[in-house]
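Since the structure comes first, as C-alpha cells, the remarks are kept for the end.
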Amino acid sequence: MSILIYAESQNGKVAKSAKELASYAKAYGDKTGQDVVAVGIGLANAEELFNHGVNKVLNVENEALKVFNAFAYADVVKAAAEQVGADLVIINDSNDAVYMGPVLAEKLDAGYVSQVISLPEDTDDFVVKRKVFSNKGIAYTAVLTGKKLLRLSKNAFGLVENPVSGVIESFAPEVDLSVYDAYKIVSVEKATGKISLTDADIVVSAGRGMKGPENWGMIEELAEVLGAATACSKPVADLGWRPHQEHVGQTGKQVAPNLYIAVGISGAIQHLAGVNSSKNMLVINNDPEAPFFKAADYGVVGDAFEVVPKLIEKLKAFKNQ
Amino acid sequence: MKILFLMSSVPDTTSKINFTENNTKFDESGIQYVINPHDEFGLTKAMQLKEKFGGEVVVLHVGTAKSDAVIRKVLAIGADRAVRIDADPQDSYYTAVQIADYLNKHNDFDLIIAGKESLDYNGGMVHGLVAAMSGLKFVNAVIGLDVLEDGKVSVAREIDGGKEVLEITLPLIIGGQKGLVKEEELRIPNMRGIMMARKKPLEVIPAIEAPAKTKIEKFEKPAPKGSIKLVDKDNLDELIDLLHNEAKVI
C-alpha cells in the first residue's frame, strides 16, 4: 500500500507543488508505514522528488498526453492508484488540478476534500482541516470512505527535505484519448517571462491609493527587484487601471505567497479573504486606521509615493550585497 | 437554448463568520444570504444567451426553504422558473447526487451553468462531480463562452498564467467565474422583475436517498494574527532586516 501524489509538470519539470505534496505525503506515510509514489506526465527531472521522500515515480511518456485534459489526466492518476494500491491520493490546487479533482474523485469513488491545510489528525479517524468561508473558518472534515482524495492548499505544508532512494518507472496506462477530440483546443495564451500570480513566492499588490494607472511603474519595479508577481485590488480592476487577471480577493484570485505586499490597499474583508493565507503580509498605507494594519505582519505608515521608491533603492542595495 | 442554472446561496461576502453549538454549526444569526458571487456571472450569461437564442432558463437549487428568498431573486433577474430539491445538504457529494438525479430525469438541457466554487464551503467540486456522474462534458474556471454553429460553443478557461480556448459540442457543464461576463454587465433585479418573480413557478421536489462521503466534525476560527510590527518610514533598513532575518522571505 502506498500513498499516491499527482506530480504536476510545469514546462516539463516537476512543479514546486509536487514537492510540497511529496513532503506532506511523506510525513503522513511515516506515521502509517506507507511509502510515497508520484505519478506525473513527461517529467524531465522526476528524480528531484526523491529529495522530498518519494520512493517511486510513475512517469508517463506518451506524447498524446503532454497536453492537459481533465478526463484523460484523471484516468492516468486513477490507473496509477490502482497499480500501486493507493487508497489515499493527493493533488495540488493549480487551475488544472482543481478542474481534474472532482472528475478524479468520481472515477476513484473516493471521498474528496479540497482546501486541505493539515495532515490527518490521527491514523484511525481520518480527519483533516480545511479552509472554509473564504479563509474565515476552518472545518475539521472526516472522510468516511475507504478511498480518499485530498487537494492540498498551496503553501499550507511547505517543502521538507527528506532524501530517500527512489526509482523512476515508465508508466503507460490505458487512457481514452477520444476526450481530446471532444475538447478541441483552439488557442492557448500564456504570459511568458512573467511570474505567474498563483506560483509567485512574493506578490506586490496595489490599490486605489495609487491614484491612477500611470503610477504603476513603481509597483512593477518593486516587483521586479523582488522577483515578484504584480496584483491589484478589486476596485482597481473594476476601474480598468489593471487587467482583471491581477484582481486578488474573494471573487478574484486567491493567493498564498510567502510574502504579500499591499500598497495603498485599505484591506476590505473581501480582499483579505483572498490573501490571508499568505505566510507574511506587509502593508504600506498612509492611513494608520486602514483595516489592513490589523491583518498584516509588518507595516509602514506612510505615503506610497515616498515609501515605495525608497524601498526599491534599499532593496537594490540589499540584493547587491 | 435550454439552460439549467445551478445556484448556491451563501452568506453575504461582508459577513462575520461565527460558529455555534460547541463549534459544530455555522452561526446563521444576523447572516444575509446572497446569490453566490461566482454564480452571478453565469446567471447573467444565461440571460444573455436566452435573449439572443431564445429558450428557457431554469434555476436549480439543493437546499431548504430558507433559500427561497434568494431563489426568488434569481427569478427576478430573469430565470423562467425554479426547482428546489428539498434537502439540508450533508456534503458536496450528496448535493451532486441530487443534481445528477435531476439531470438524469430531465436530460434536455443544452448548457448547465454553475459557479466554480461557492463562497461558503469553497469545495469547488459539486459541478465537476455532477459532470462525472452524468457523463456530461465539463469545463471549469470558465472566463468566456461564445455560441458557434452546429451546436458548438467556444469556451475559454483560466489556466495558470493565462487562458485556453476550447471548442466543444453541447451539452456541457461549466464552472463559471469572473470574466464570463463583464462586471458591469451583472444584472440586479428591477421592480418589474421582482413583481413578475412572485408569479413564476418554484417547484419543490423531494431529495433522493444518498450517502455523504465526508462529514464536518467541528469548526474553528483561524488563529488570530500576532500583532503587527510597524516600521518607521524613515527606517526601511529595519524592514529589510525583518523580511530577511525574521520572515526569511527575501
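Bear in mind these aren't lab numbers, they're just calculated from the coordinates by the rules spelled out. Note that the coordinates shown come from a computational prediction; the quantities given were computed from them, not determined experimentally. Cβ atoms come from the backbone with ideal geometry, glycine included; neighbour counts cover every protein chain shown.
Just how far, in whole angstrom, is the range B:190-250 from the range A:238-298 if you go by their alpha carbon centroids?
Taking the Cα centre of the range B:190-250 as reference, the centre of the range A:238-298 is 13 Å away.
Evaluate the relative contact order of chain A (contact order divided by residue number), counting alpha-carbon pairs under 8 angstrom at least 6 apart; express in whole percent. Numbers along the way, then the final one.
On the way: 682 pairs, mean separation 44.8, N = 321.
Relative contact order comes out at 14 percent.
I'd like the orientation of helix A:95-108 relative to chain A: the angle between its Cα long axis and the longest Cα principal axis, in ° from 0 to 90, rounded to 10.
The helix A:95-108 is inclined about 30 degrees to chain A.
Once you average over the residues of B:127-137, how many Cβ atoms of partner chains fall within 10 Å of each Cβ?
4
From the phi of every residue in the range A:242-255, what ³J(HN,Hα) in whole Hz does the Karplus formula 6.51 cos²θ - 1.76 cosθ + 1.60 yield, where θ is phi - 60° and glycine or proline is x?
3J(HN,Hα) across the range A:242-255, in whole Hz: 9, x, 4, 4, 8, 5, 10, x, 4, 9, x, 7, 9, 10.
Of the cross-linked pairs A:190/B:137; A:13/A:194; A:131/B:16, which ones have a Cα-Cα span greater than 22 Å in the structure shown?
Working: A:190/B:137 24 Å; A:13/A:194 17 Å; A:131/B:16 15 Å.
Going by Cα-Cα distance, A:190/B:137 fall outside the 22 Å limit.
List the GluC sites (Glu not before Pro) in the range A:122-219 that DSSP assigns to loop (not H, G, I, E or B) and whose Cβ has at most 12 other Cβ atoms within 10 Å. Which are they? Working shown, then result.
Working: sites: A:161, A:169, A:174, A:189, A:214; in loops: A:161, A:174.
Answer in residue order: A:161, A:174.
Work out the P(r) tail for the range A:244-321: percent of alpha carbon pairs separated by more than 17 Å, whole number.
48 percent
Considering amide H positions built from the backbone, and no H for Pro or chain starts, which residues 5 or more places from residue A:41, or on another chain, come under 5 Å of its amide H?
Correct list: A:9, A:60.
Hand me the GluC sites (Glu not before Pro) from the range B:169-250 located in a DSSP loop with no more than 11 other Cβ atoms within 10 Å, in residue order please. Before the final figure, lay out the partial values.
Working: sites: B:183, B:184, B:185, B:203, B:209, B:217, B:220, B:238, B:246; in loops: B:209.
Of the GluC sites (Glu not before Pro), the ones in loops of the range B:169-250 whose Cβ has at most 11 other Cβ atoms within 10 Å are B:209.
Would you mind giving the mean number of other chain beta-carbons within 10 Å of the Cβ of each residue in A:148-154, as a whole number?
On the way: counts 2, 2, 0, 3, 0, 0, 0.
Whole-number average of other-chain Cβ neighbours for A:148-154 is 1.
Would you order A:281, B:191 from fewest to most other beta-carbon atoms within 10 Å of each residue's own beta-carbon? Can you show the working numbers first?
Values: A:281 25, B:191 8.
Least to most surrounded, the residues fall as B:191, A:281.
Rounding to the nearest 10 and keeping the result within 0 to 90°, find how far the Cα-based axis of helix B:68-77 lies from the longest principal axis of chain B.
Tilt of helix B:68-77: around 70 degrees.
Could you tell me the ratio Rg/Rh of the protein assembly as shown? Both radii from Cα atoms, Rh via Kirkwood.
Numbers: Rg = 23.6 Å, Rh = 24.6 Å.
Rg divided by Rh gives 0.96.
Using the count of nearby Cβ atoms within 10 Å as a rough guide to exposure, how do B:29, B:227 rank from fewest to most?
Numbers: B:29 6, B:227 9.
Lowest count first: B:29, B:227.
Would you mind computing, in nm to one decimal, how far apart the modelled labels at residue B:29 and residue B:185 are, each placed 7 Å from Cα along Cα→Cβ?
Taking the two extended label points, one gets 4.3 nm.
Can you pull out the GluC sites (Glu not before Pro) in the range B:103-160 whose DSSP state is coil and whose Cβ has at most 13 other Cβ atoms within 10 Å?
Numbers: sites: B:117, B:149, B:158; in loops: B:117, B:149.
When the GluC sites (Glu not before Pro) of the range B:103-160 are filtered for loop state and at most 13 Cβ neighbours within 10 Å, B:149 remain.
Hey, what angle do you get for helix A:304-320 against the long axis of chain A, alpha-carbon based, 0 to 90 degrees rounded to 10?
60 degrees
Let me know the mean shielding of A:259-266 by other chains, meaning the per-residue number of their Cβ atoms within 10 Å of its Cβ. List each step's numbers first, then the result.
Numbers: counts 5, 1, 2, 0, 0, 0, 0, 0.
Mean partner-chain Cβ count within 10 Å for A:259-266: 1.
Determine, from the Cβ-Cβ distance of residue A:294 and residue A:318 and an R0 of 25 Å, the FRET efficiency 1/(1 + (r/R0)^6), rounded to the nearest 0.05. Write out the running numbers ahead of the final one.
Numbers: r = 28 Å, r/R0 = 1.12.
The value I calculate is 0.35.
What is the distance in Å between the Cα centres of the range A:17-37 and the range A:108-138?
If we compute the Cα centre of each part, the gap is 16 Å.
With labels modelled as points extended 7 Å from the Cα through the Cβ direction, what inter-label distance (nm, one decimal) is found for residue A:211 paired with residue A:64?
For residue A:211 paired with residue A:64, the spin-label model returns 6.1 nm.
Would you compute, from DSSP H runs of 4+ residues alone, the mean residue ellipticity of the protein assembly as shown at 222 nm, taking -39500 (n - 2.57) per run and dividing by the full residue count, rounded to the nearest 500? Walk me through the numbers on the way to the answer.
Details: 15 runs with 158 residues, N = 571.
That comes out to -8500 deg cm²/dmol.
Label-point separation (nm) for residue B:227 and residue B:192, each offset 7 Å from Cα along Cα-to-Cβ?
5.9 nm
Before anything else, pin down the relative contact order of chain B: Cα pairs under 8 Å, at least 6 apart, normalised by residue count, whole percent.
24 percent
Using only the Cα atoms of the range B:153-250, build the gyration tensor, take square roots of its eigenvalues as a ≥ b ≥ c, and label the shape rounded, prolate or oblate: rounded if a/c is under 1.5, else prolate if a/b is larger than b/c, else oblate. Before the final figure, lay out the partial values.
Details: a/c = 2.09, a/b = 1.83, b/c = 1.14.
Since a/c reaches 1.5 and a/b is larger than b/c, the shape of the range B:153-250 is classed as prolate.
Between residue A:180 and residue A:16, what is the FRET efficiency for a Förster distance of 30 Å, r being their Cβ-Cβ separation, to the nearest 0.05? If you can, show how the numbers build up before the last one.
Numbers: r = 27 Å, r/R0 = 0.91.
Computed FRET efficiency for residue A:180 and residue A:16 comes out at 0.65.
What ranking do A:130, B:84, B:187 get, fewest neighbouring Cβ atoms within 10 angstrom at the top? Intermediate values should be presented prior to the final figure.
Details: A:130 25, B:84 20, B:187 15.
Exposure proxy ranking, most exposed first: B:187, B:84, A:130.
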